[in-house]
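**Q** Below is a structure I'd like to ask you about.
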């Protein structure tokens, strides 16, 4: 089976109502199934060593990579960001007279509290969810923050 | 005095609300998910706050984040649009307790009309005709036959625990009733583990006709005429028009009066819609009340000349409605086509993706409510409606021809849409003659070759 034949099969599936197609050959197995959004999903295993260059099948719509609560995004090597998991007001310390939870140089682990985000009168402690050293606080005390907004720049490790 | 509104919605209705606010000099705050960063209304609103990930459950349905955003941005009111939290009584209550004006009815009205059984009882007491039926489950054949005869055949026997069109049987007379009754019970027992059934009058090939209500907080309740939404596929509306080609002036008056009675019984404020099924003889039956602004509101706007979103905001602001029932004139005929990113030739499979060329029609009597634009990527996380085409003219013939003309100019390249389907319907004799009932779409699809939709 060569690339041309596989392309033909994909075209056939797109034009028809076929939901699944499978074929087995010597040292080669191919299965194509309609994905959740109706586009064919190709999976193949090959016993041979020839690296298959799959045709760039139509990709499902690339939505913005969902940032789950508190997880970080990679920037330069080893640099990650702590992002806001909610909408509210950002506070660096537990109270106006307390020391900030995290400053430049503070070492944090996954469960270290780095700040407070106040939403509807409730103070929510936000955990780092990453291990490393705080490089910079990106938001000023008392500023409103939105979901996914970068709060701290962290050097991982 | 409302000076800033948070729009708790997305897509074309969010854009609609931004436009109304602009014209009223009110500031707008768009709350959006990460999938809607490039959405038109987010770009056009005065402020924007991201409230979550792409999934609705992680963003547009997060009442806590929305209210949080409302507080940090210091808004006076929230417009919930349609869908999402618009008919969530708890959300409306939360707004009320946070001193943020919810642009819609009171939370108690939402609660009352949200329970279909309570809604039916409430309007029935007010003298509004409802679908005749047994008051609750019917447990013996003798009792069931009595009820069926009282209601009048044909009747539909429905499972109390049912849904999705299952556990329903239709009986046309005494002879077949017993058999259908027992079959329905058995099916219900097997499918839902509960064999209890109730009986309702079966309305054959009804038309779906709804009335627009507008009420202020000073006791004035008006109706703004009807919309005929019979062209539906799997209970999803595709085309709406006003006036209904079926209603006589007399029936319109009767149904209008009934609608005001229903809204009064619900203690209603702001915009809402009363939905009815109408049979071939002109008998109408209340099925439900929608306590929000609806997708098809532009149809009524073009027929009456009244801006419903602006009126919603004014009512929320405590203002009195400036006009009376006698001032409302039905001067145009309007037809709306819902443009969905779906492929009608392949069973309406959703067709998300990036729009290449987008060119919307224009000219006399053409209105396009859409958030789409060239290069816009339709997210796959939400419903498939990308816009509405509303065409209007002095009579139905003009509206029909104009709709066909506008659809012919409407270019949306790169994805599949329902534009060809709408064109086919506009040319179909049954629809042209105004004979479409809720049975129309299935019948039309059965006799129309799929390549007419490409």
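**Q** Does segment B:60-116 hold any residues that are more than 14 Å from chain A (Cβ to nearest Cβ), without any contact (Cβ under 8 Å) to a residue 24 or more places away in the chain and not in a helix (DSSP H, G or I), and which are they?
**A** B:115, the sole residue that qualifies.
**Q** To continue, here is another question. Which numbered condition trips up residue B:438, out of (1) part of a loop (DSSP other than H, G, I, E, B); (2) surrounded by 15 or more Cβ atoms within 10 Å (Cβ to Cβ); (3) over 20 Å from the mean Cα position of the chain (by Cα)?
**A** (3)
**Q** Kindly check whether there is at least one residue in segment B:190-201 that is touching a residue at least 60 places away in the same chain (Cβ under 8 Å) and within 23 Å of the chain's Cα centre (by Cα).
**A** The answer is no; no qualifying residue exists.
**Q** A further question follows. Would you confirm, using the coordinates I've provided, whether residue B:49 is buried (at least 18 other Cβ atoms within 10 Å of the Cβ), within 11 Å of chain A (Cβ to nearest Cβ) and not in a helix (DSSP H, G or I)?
**A** Taking the combined requirement at face value, the residue satisfies it.
**Q** If you don't mind, there's one more thing I want to ask. Name the one entry in B:15, B:44 that is more than 14 Å from chain A (Cβ to nearest Cβ) and surrounded by 18 or more Cβ atoms within 10 Å (Cβ to Cβ).
**A** That would be B:15, the only listed residue that is more than 14 Å from chain A (Cβ to nearest Cβ) and surrounded by 18 or more Cβ atoms within 10 Å (Cβ to Cβ).
**Q** Return a yes/no flag: does segment B:340-361 have any residue that is within 19 Å of residue B:226 (Cβ to Cβ) and outside the structural domain of residue B:82 (by TED's automatic domain parsing).
**A** No, segment B:340-361 contains no residue that is within 19 Å of residue B:226 (Cβ to Cβ) and outside the structural domain of residue B:82 (by TED's automatic domain parsing).
**Q** Another question, if that's okay. Is it the case that some residue within segment B:168-191 is surrounded by fewer than 21 Cβ atoms within 10 Å (Cβ to Cβ) and at positive phi?
**A** No, segment B:168-191 contains no residue that is surrounded by fewer than 21 Cβ atoms within 10 Å (Cβ to Cβ) and at positive phi.
**Q** What are the pairs, 6+ residues apart or on separate chains, where a residue within segment A:83-95 that is within 7 Å of chain B (Cβ to nearest Cβ) has its Cβ under 6 Å from a residue that is outside any loop (DSSP other than H, G, I, E, B) and buried (at least 22 other Cβ atoms within 10 Å of the Cβ)?
**A** So the pair list comes out as A:86/A:117; A:87/B:51; A:87/B:65; A:87/B:68; A:87/B:69; A:88/A:117; A:88/B:68.
**Q** Out of (1) modelled with pLDDT under 80; (2) not in a loop (DSSP other than H, G, I, E, B), what's the single condition that is false for residue A:55?
**A** Every listed condition holds for residue A:55 apart from (2).
**Q** Looking at this structure, is residue B:29 within 14 Å of chain A (Cβ to nearest Cβ), out of contact with any helix residue (DSSP H, G or I) (no Cβ under 6 Å at 6 or more places or on another chain), in a strand (DSSP E or B) and modelled with pLDDT of 95 or more?
**A** Against the criterion (within 14 Å of chain A (Cβ to nearest Cβ), out of contact with any helix residue (DSSP H, G or I) (no Cβ under 6 Å at 6 or more places or on another chain), in a strand (DSSP E or B) and modelled with pLDDT of 95 or more), residue B:29 qualifies.
**Q** Which residue out of B:152, B:127, B:133, B:195 is surrounded by 13 or more Cβ atoms within 10 Å (Cβ to Cβ) and closer than 29 Å to residue B:259 by Cα?
**A** Within the list B:152, B:127, B:133, B:195, the selection yields B:133.
**Q** Using the structure shown, decide if residue B:73 is buried (at least 20 other Cβ atoms within 10 Å of the Cβ) and assigned by TED's automatic domain parsing to the domain that holds residue B:13.
**A** It is false that residue B:73 is buried (at least 20 other Cβ atoms within 10 Å of the Cβ) and assigned by TED's automatic domain parsing to the domain that holds residue B:13.
**Q** Do you know which residues across segment A:21-45 are modelled with pLDDT of 55 or more and not in a strand (DSSP E or B)?
**A** Across segment A:21-45, the qualifying residues are A:26, A:27, A:35.
**Q** Can residue B:194 be described as assigned to a helix (DSSP H, G or I), outside the structural domain of residue B:394 (by TED's automatic domain parsing) and over 18 Å from residue B:131 (Cα atoms)?
**A** no
**Q** Sort out which residues of segment A:116-130 are in contact with a strand residue (DSSP E or B) (Cβ under 9 Å, 6 or more places away or on another chain) and on the phi > 0 side of the Ramachandran plot, and write them in order of number.
**A** A:120, A:129
**Q** Okay, moving on. Being outside any helix (DSSP H, G or I) and surrounded by 17 or more Cβ atoms within 10 Å (Cβ to Cβ) is the filter here; which residues of segment B:394-413 pass it?
**A** Hits for segment B:394-413 are B:410, B:412.
**Q** May I ask you to say which residue of B:57, B:39 is within 14 Å of chain A (Cβ to nearest Cβ), at negative phi and touching a strand residue (DSSP E or B) at 6+ places or on another chain (Cβ under 9 Å)?
**A** Answer to the check: B:39.
**Q** Report, by residue number, each residue of segment A:110-151 that is within 21 Å of the chain's Cα centre (by Cα), assigned to a loop (DSSP other than H, G, I, E, B) and within 13 Å of chain B (Cβ to nearest Cβ).
**A** Residues satisfying the conditions are A:146, A:147, A:148, A:149.
Results for (1) more than 14 Å from chain A (Cβ to nearest Cβ); (2) at pLDDT 95 or above; (3) out of contact with any strand residue (DSSP E or B) (no Cβ under 6 Å at 6 or more places or on another chain), shown as yes or no for each residue.
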residue	(1), (2), (3)
B:282	yes, yes, yes
B:287	yes, no, no
B:307	yes, yes, yes
B:315	yes, yes, no
B:323	yes, yes, yes
B:327	yes, yes, yes
B:343	no, no, no
B:349	no, no, no
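**Q** I've got another one for you. Please find, among B:177, B:211, the residue that is closer than 19 Å to residue B:130 by Cα and in contact with a strand residue (DSSP E or B) (Cβ under 8 Å, 6 or more places away or on another chain).
**A** B:211
**Q** Test residue B:301 against the stated conditions and say whether it is touching a helix residue (DSSP H, G or I) at 6+ places or on another chain (Cβ under 8 Å) and buried (at least 20 other Cβ atoms within 10 Å of the Cβ).
**A** Here the answer is yes, as residue B:301 does meet what is asked.
**Q** Only residues that are touching a helix residue (DSSP H, G or I) at 6+ places or on another chain (Cβ under 7 Å), buried (at least 20 other Cβ atoms within 10 Å of the Cβ) and at pLDDT 95 or above: list them for segment B:101-121, please.
**A** Those that are touching a helix residue (DSSP H, G or I) at 6+ places or on another chain (Cβ under 7 Å), buried (at least 20 other Cβ atoms within 10 Å of the Cβ) and at pLDDT 95 or above: B:102, B:103, B:104, B:107, B:110.
The values are calculated or read from the model by the stated rules, or taken from the named source; none is laboratory data. Just so you know, these numbers come straight off a predicted model, no measurement behind them. Cβ: placed from backbone, ideal geometry, glycine included. Neighbour counts: every protein chain shown.
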